[in-house]
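Below is one structure, written out as structure tokens; comments come after it.
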Amino acid sequence: MTDIHALAGAYVLDAVDDVERAAFVRHLNGCETCTLEVAELREAAARLADPTWSVPPPALREAVLAEIRRTPQERPGRAGRDGPVAARRWRRRLAAAAAAAVLAGGAGAATWTVQEQRVRDARSETDAARDEAGRIRAVLAAPDAVVRTGAAPAGGRVTVVISASRDEGVAMLDGLAAPAAGRAYQLWLIEGSTATSAGVLPAGRGGATVLLDGVRGKGFFGVTEEPAGGSAKATTAPLVAFALT
């Protein structure tokens, strides 16, 4: 069986089949090494794509016109005698000819469109991942960083690092038992009697590293099991809870 870690490059280039893609996406949920590698490969792919076409190839217009010239046309008198029906038939033939030219002679244009969208998506995802990774590193290296940790009853550990000066934190969940089907772990920052959602893990996932915003003044941190997608307020007793100050 192919080493799942070795699929990173093929996944970025969309050179995997549906089964491999699904398996690798599941693997990414728990492998920070592959997540980082995918982000770096996408950045490299985006940079390599910079010199590529920014407009459709000029040859596409000529291919369409050539196909139209090869397509038999209705005579004017015929269209006049047959009325709208013949006109519609002629337009359908013309549209079919143009479509054939795009599919046969203009395949590069379709590829160009897909590649351009993928490059835009990759750049967006890479920029966001790079920004989040930088903020996480800044929190961990902050002079006022405070570390708190707690163990889950069924195994696993939750560690939170907060920086009051940055008003940010990092929550690291490792080895928690997978939540029940259709359920997910939700993180909470608690100030007094008010609990504010700080993120929801994907359904079924028991580990993650999550960037926290707005930690200044929060006294407690907690993790509850909620319906997939999260809840507006906690509906179960905290699985893990500890003071941040």
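Cβ-Cβ contacts under 9 Å between residues 6 or more apart (or on different chains), taken from a first residue in region 194-214 that is touching a residue at least 12 places away in the same chain (Cβ under 8 Å) to a second residue that is open to solvent by 30 Å² or more (accessible area, probe 1.4 Å) and of a type in the set (S, T, N, Q), are listed as Leu201/Asn29; Pro202/Asn29; Gly204/Asn29; Arg205/Asn29; Gly207/Asn29; Ala208/Asn29; Gly214/Thr196.
I want to confirm something. Restricting to region 10-25 and keeping residues that are assigned to a helix (DSSP H, G or I) and of a type in the set (Val, Ile, Thr), which single residue is modelled with the highest pLDDT? Step by step, filter region 10-25, then rank; the result is Val25.
Can you find a residue that is of a type in the set (D, E, K, R), touching a residue at least 40 places away in the same chain (Cβ under 8 Å) and open to solvent by 20 Å² or more (accessible area, probe 1.4 Å) anywhere in region 169-187? Checking region 169-187: at least one residue is of a type in the set (D, E, K, R), touching a residue at least 40 places away in the same chain (Cβ under 8 Å) and open to solvent by 20 Å² or more (accessible area, probe 1.4 Å). Checking each residue in region 151-177 for being basic (Lys, Arg) and within 17 Å of Glu132 (Cα to Cα) picks out only Arg166.
Tell me the residue from Gly217, Gly206, Gly192 that is open to solvent by 40 Å² or more (accessible area, probe 1.4 Å) and touching a strand residue (DSSP E or B) at 6+ places or on another chain (Cβ under 8 Å), please. Even if it seems obvious, please write down each step before you answer.
Values: Gly206 fails: open to solvent by 40 Å² or more (accessible area, probe 1.4 Å); Gly192 fails: touching a strand residue (DSSP E or B) at 6+ places or on another chain (Cβ under 8 Å).
After ruling out the rest, the residue left standing is Gly217.
Checked against the criteria, Leu187 counts as at pLDDT 95 or above and within 25 Å of Ala145 (Cα to Cα).
Please go through region 159-189 and pick out each residue that is closer than 15 Å to Arg205 by Cβ and touching a Phe, Trp or Tyr at 6+ places or on another chain (Cβ under 8 Å).
If we filter region 159-189 for residues that are closer than 15 Å to Arg205 by Cβ, which is where we start, we get 171-187.
The answer is Ala171, Leu173, Leu176, Pro179, Leu187.
Across region 190-221, the qualifying residues are those that are touching a Phe, Trp or Tyr at 6+ places or on another chain (Cβ under 7 Å) and β-branched (Val, Ile, Thr), and the one among them that is farthest from Ile162 (Cα to Cα) is Thr196.
Checked against the criteria, Ala232 counts as outside any strand (DSSP E or B) and more than 21 Å from Ser165 (Cβ to Cβ).
The values are calculated or read from the model by the stated rules, or taken from the named source; none is laboratory data. As the structure is a prediction and not an experimental result, all values here were calculated from the model. Cβ: placed from backbone, ideal geometry, glycine included. Neighbour counts: every protein chain shown. The accessibility values were calculated without ligands, DNA or RNA, using every heavy atom of the protein model including side chains. Shrake-Rupley method; radii C 1.70, N 1.55, O 1.52, S 1.80 Å.
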